[in-house]
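Asker: Could you have a look at this structure, given as structure tokens, before my questions?
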């Protein structure tokens, strides 16, 4: 799979050319996508392609997202770039792993000299199942990619600008590939009524809490244990999953266990876990380094 996020280094006054997104929406038809019914009228087609797009820059000292995500504290003057996307009603966009159908949402950033572009962070997705049973992962409502722009030098008097190119696939009755390319300067804000940054950032995966354990009986099975008051909803593999994939929730008197099995061992190496506690949903990151915190490898 191609890289989900492309980084550029500012090595000369002239920025390199960014990958050009489509100038106009493009109808997509590939072997990965199920056959789609054509729109019944022009208004339906216009509705399906109207994905809203905006960029926003927020200083880390205001957002304090690094602390919330347990990341190393970035240098003073670092920024968060939000690539905001809002699909039209009834349509959805795709996660970094789109699943059995679709295309991943992508973004490319050129930063001026003195900034380092971090990896894009994707909010936790939802699961979609087609009439054929194909499973895909994505967003039925507004979402945003979060990109940390680390300031490597002391902030100067000039106001920094960043060039951003993004592309995505929006699917409803049919699928449409779109893209935008814009430049944003610190201090600019989206003009539309967008979702609050707090609501969007709350969906970013965090580190596992101490009362949730991970056990790997084999390379093809993953078991996640949590207390009775925790509802373990779903597991989303970050690597593309090929072959059968299932997750089953098992209730015990004092705990709950989510059993995830896959014919592709790579699907269980790294993923995102969706959890609900006290009617609040949260997302946690599971990696190869996730280890049981209980003796003898966790609860039986």
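FYI, it's all coordinate maths here, none of it is from the lab. This is a predicted model, so every value here is computed, not measured. Note that we place each Cβ from the backbone using ideal geometry, even for glycine, and neighbour counts take in every protein chain shown.
Asker: Report the equivalent ellipsoid semi-axes for the range 224-283 in whole Å, largest first, defined as the square roots of five times the eigenvalues of the gyration tensor built from alpha carbon atoms.
Answerer: Sorted largest first and rounded, they come to 23, 13, 7 Å.
Asker: In addition: Once the Cα gyration tensor of the range 172-222 is found, what semi-axes does its equivalent ellipsoid get, as square roots of 5 times the eigenvalues, in whole Å, sorted largest first?
Answerer: Result for the range 172-222: semi-axes of 37, 21, 12 Å.
Asker: Grab the alpha carbons of the range 158-252, take their convex hull, and tell me the volume per residue in Å³.
Answerer: With only Cα atoms used, the range 158-252 gives 242 Å³ per residue.
Asker: Here's a follow-up. Sort 168, 194 by Cβ crowding within 10 Å, fewest neighbours at the top.
Answerer: The fewest-first ordering by Cβ neighbours comes to 194, 168.
Asker: Also: Regarding the range 113-196, what's the average projected area of the Cα-atom convex hull, expressed in nm²?
Answerer: Here the figure is 7.7 nm², rounded to one decimal.
Asker: Of the peptides 139-150, 226-237, 182-193, how do they stack up when ordered by the mean number of other Cβ atoms within 10 Å, highest first?
Answerer: 139-150, 226-237, 182-193
Asker: Ranked by Cβ crowding within 10 angstrom, fewest neighbours first, how are 173, 225 ordered?
Answerer: The order, fewest Cβ neighbours first, is 173, 225.
Asker: Cut-off is 10 Å between beta-carbons; in what order do 159, 58, 238 appear when sorted fewest neighbours first?
Answerer: With the sparsest Cβ surroundings first, the list reads 159, 58, 238.
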